[in-house]
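The values are calculated or read from the model by the stated rules, or taken from the named source; none is laboratory data. Please read all numbers here as calculations on a predicted model, not as lab measurements. All Cβ positions, even for glycine, are placed from backbone atoms using ideal geometry, and neighbour counts span all protein chains on display. The protein model used for the area step is the full one, side chains on, heavy atoms only, and it has no ligands, DNA or RNA in it. Shrake-Rupley method; radii C 1.70, N 1.55, O 1.52, S 1.80 Å.
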Amino acid sequence: MFAIQNKFKDISQRYPGIIIGFGGEADQTVGALDGLTATLLIAIVLIYLILLLQFKKFIQPLMIMFLIPFTLTGVFIAFYIHGMPMSFIGFIGIVGLCGVLVNDGIIMIDLINKIIESGKTNPDALNNPKKFAFNSIVEGATQRLLPIFLTTITTVGGLLPTVYGIGGRADLIVPIVMSLAYGLIFSTLITLIFLPCVFMIAIDFKLIKLK
């Protein structure tokens, strides 16, 4: 439908008096996508509130929320590479993905918080808090590297056969499975690399305020 709209978007200019209208299932699909966009925004807000209750801090939930736009970029790139238009089913996968991808972020940040909390009385934490925070972040990211990586590999390994029709085709659910599979791949890379960096940046800002 979107391809047809783009092809004939200037038809009124080329042929004055001619108008193309879309109705029926096409019109319902557009309405459903608009409603799903609103649902996605509501889901993001609810995820933030839940994370706020988990960490009791305003900044750390935002760190995890930063994963969402980068992950969605990865999903759209995957759809583009496969030549598959984003559909209603694909957006359902994105909404579900938003709930799944924060799990790795929670695991990572929760462990780093515990390491920092347990070492507050350490002389290194008092004498050189920036170095102590850096070492704590490195330790937390190192400990979570293998569990997060293996969890993603096993999950994506179970999803990709459906995407590529290995063992049988299920075209109806391919968009939702593709959203989940490639979204998890991108979110894992971002969680393991980007999230610890953002955590350290937040620590730097906190230390600057304390000076």
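Before moving on, here are some points about what is shown:
- THR191 in contact with an Asp or Glu (Cβ under 6 Å, 6 or more places away or on another chain) and at pLDDT below 90: yes
- Apart from one condition, LEU207 fits all of (1) in contact (Cβ under 8 Å) with a residue 12 or more places away in the chain; (2) over 24 Å from PHE66 (Cβ atoms); the exception is (2).
- Residue match in the range 127-144 (condition: farther than 30 Å from LEU207 by Cα and in a helix (DSSP H, G or I)): no
- The set of residues from the range 125-154 being open to solvent by 60 Å² or more (accessible area, probe 1.4 Å), of a type in the set (Val, Ile, Thr) and out of contact with any Asp or Glu (no Cβ under 8 Å at 6 or more places or on another chain) comprises VAL138, THR142, ILE153, THR154.
- The combined condition, being touching a residue at least 40 places away in the same chain (Cβ under 8 Å), part of a helix (DSSP H, G or I) and either open to solvent by 70 Å² or more (accessible area, probe 1.4 Å) or more than 27 Å from GLN60 (Cβ to Cβ) (or both), is fulfilled by ILE176.
- Among the residues listed as ILE112, ILE64, ILE68, ILE89, the single one being crowded, with 21+ Cβ neighbours inside 10 Å and at pLDDT below 85: ILE68
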